[in-house]
Amino acid sequence: MNWIKSKILSFVEKAKDKFQKVRPSKEDQDKSLWVNCPGCNNMQLKEDLKKNFNICKCNFHFDLDPKIKFEHLLFDTGEWETISCPSWSNPDPLDFVVNGKKFIDKYKNYQKKTGQESALLIGHGKIGGLKAVAVGYNFAFGGSAFSQRENEHFLAGAQFALANKVDIFVSIYQSGGKSVQGNLNSLKSMSTVQMAHSMLKQKNIVNIGILESKITGGTFVDAFGNDFLFSIKGSTDNLFSGKRVSASVRSSDSAQMPEDFGTSAFLARSGMCDGTINSRLGMKEKIVTLAKVLLKKSAAQDKNESNVSVSQSISSAS
Ligand SMILES: [Zn+2]
């Protein structure tokens, strides 16, 4: 019996070893016409996924360039204009070096690869006929790490929204957190982003956050500044530091981790977001429906307040 068991184990080890050796490189995977879907574990043709905005038949959401989201899934008739990042006076104050490579050179490569000025793509236009500013986090830009550069860009978007009295401010999150390379300069953005959120609130701008996959740390905290936060169901493991990492820090409690820890259903059930959206295709409808209800209410409140002040003036005059 032991002899059979050892033979089987030896075969499994050999098969594993062989599989590791023939495993395609990242470049080969990028060049391939096919991709393995982690949701259903089936091979999918990249061209088919592209036609459905990188959503598999099983509803697993692959990453999607924010430009495509803006053009096809968010702004009316695909028309929007970019809000630029302010000038870059001191891009790398810490002169950070990682494995012999300068961080600033890596950052410039991300710019070249994505065609973006920062990890954020910020645009303005109309969404459902309402004036809007949208912020899209691009994970292909260094895991969308949030440094002082992204902070300045985000504030430029918020300032545009305030100056132009837009109706909606939308953020579509997907980020590995605050940039380590930016150090304290990245961390201080946690307070400035929250200040921007509260200024948007004071101006009755409907502030909605959409959580896609892989969100962690400080950026997840930023998301709580939104008036409403929704999580996309097909983006599994919305929390980047998901079940495995959280279980490892909980040690003996690891067995009690909920089965769906870190998913959109878990976030909604535990009160970490206001609800879920089945797919990114339904994002616009959710935003517009909610914004129209809230803006109507806000307009009604303003009308009531002005009626009260008018009646007070009449009564004080008489
Ligand atoms: Zn799938």
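The values are calculated or read from the model by the stated rules, or taken from the named source; none is laboratory data. Computed from a predicted model, the values in this text were never measured in an experiment. Every residue, glycine among them, receives a Cβ derived from its backbone with ideal geometry; neighbour counts consider all protein chains shown.
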(request) Please tell me if CYS56 is within 15 Å of the ligand (Cβ to nearest atom) and more than 20 Å from the chain's Cα centre (by Cα). (result) no
(message) Exactly one of these conditions fails for SER84: (1) over 20 Å from PHE139 (Cα atoms); (2) not in a helix (DSSP H, G or I). Give me its number.
(response) (1)
(request) Select, from LYS31, LYS46, LYS50, the only residue that is outside the structural domain of GLY129 (by TED's automatic domain parsing) and either more than 16 Å from the ligand (Cβ to nearest atom) or among the hydroxyl-bearing types (Ser, Thr, Tyr) (or both). (result) LYS31
(request) Test VAL97 against the stated conditions and say whether it is aliphatic (A, V, I, L, M) and farther than 22 Å from ASN207 by Cα. (result) yes
(request) Could you tell me whether segment 98-109 includes any residue that is of a type in the set (Asp, Glu), free of Cβ contacts under 8 Å to residues at least 24 places away in the same chain and in contact with a Lys or Arg (Cβ under 8 Å, 6 or more places away or on another chain)? (result) no
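Might you check whether a residue that is touching a residue at least 60 places away in the same chain (Cβ under 8 Å) and out of contact with any Lys or Arg (no Cβ under 8 Å at 6 or more places or on another chain) occurs anywhere in segment 43-55?
There is no residue in segment 43-55 that is touching a residue at least 60 places away in the same chain (Cβ under 8 Å) and out of contact with any Lys or Arg (no Cβ under 8 Å at 6 or more places or on another chain).
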(request) Spot the failing condition for LYS113; the list is (1) of a type in the set (Lys, Arg); (2) over 24 Å from THR77 (Cα atoms); (3) not in a helix (DSSP H, G or I), and only one is missed. (result) (3)
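Each row is one residue, and each column tells you yes or no for (1) within 23 Å of CYS58 (Cα to Cα); (2) outside the structural domain of LYS188 (by TED's automatic domain parsing); (3) modelled with pLDDT of 95 or more.
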{"position": "PHE224", "(1), (2), (3)": "no, no, no"}
{"position": "GLY234", "(1), (2), (3)": "yes, no, no"}
{"position": "SER246", "(1), (2), (3)": "no, no, no"}
{"position": "LEU281", "(1), (2), (3)": "yes, no, yes"}
{"position": "LYS286", "(1), (2), (3)": "yes, no, yes"}
(message) For segment 199-221, check the following and say yes or no: at least one residue is surrounded by 22 or more Cβ atoms within 10 Å (Cβ to Cβ) and more than 26 Å from LEU267 (Cα to Cα).
(response) no
(request) Return only the number of the condition from (1) modelled with pLDDT under 90; (2) away from the ligand (no atom under 16 Å from the Cβ); (3) in contact with a Phe, Trp or Tyr (Cβ under 7 Å, 6 or more places away or on another chain) that ALA15 does not satisfy. (result) (3)
(request) Identify the residue in segment 74-90 that is surrounded by fewer than 17 Cβ atoms within 10 Å (Cβ to Cβ) and modelled with pLDDT of 95 or more and, among all such residues, is farthest from LYS286 (Cα to Cα). (result) SER84
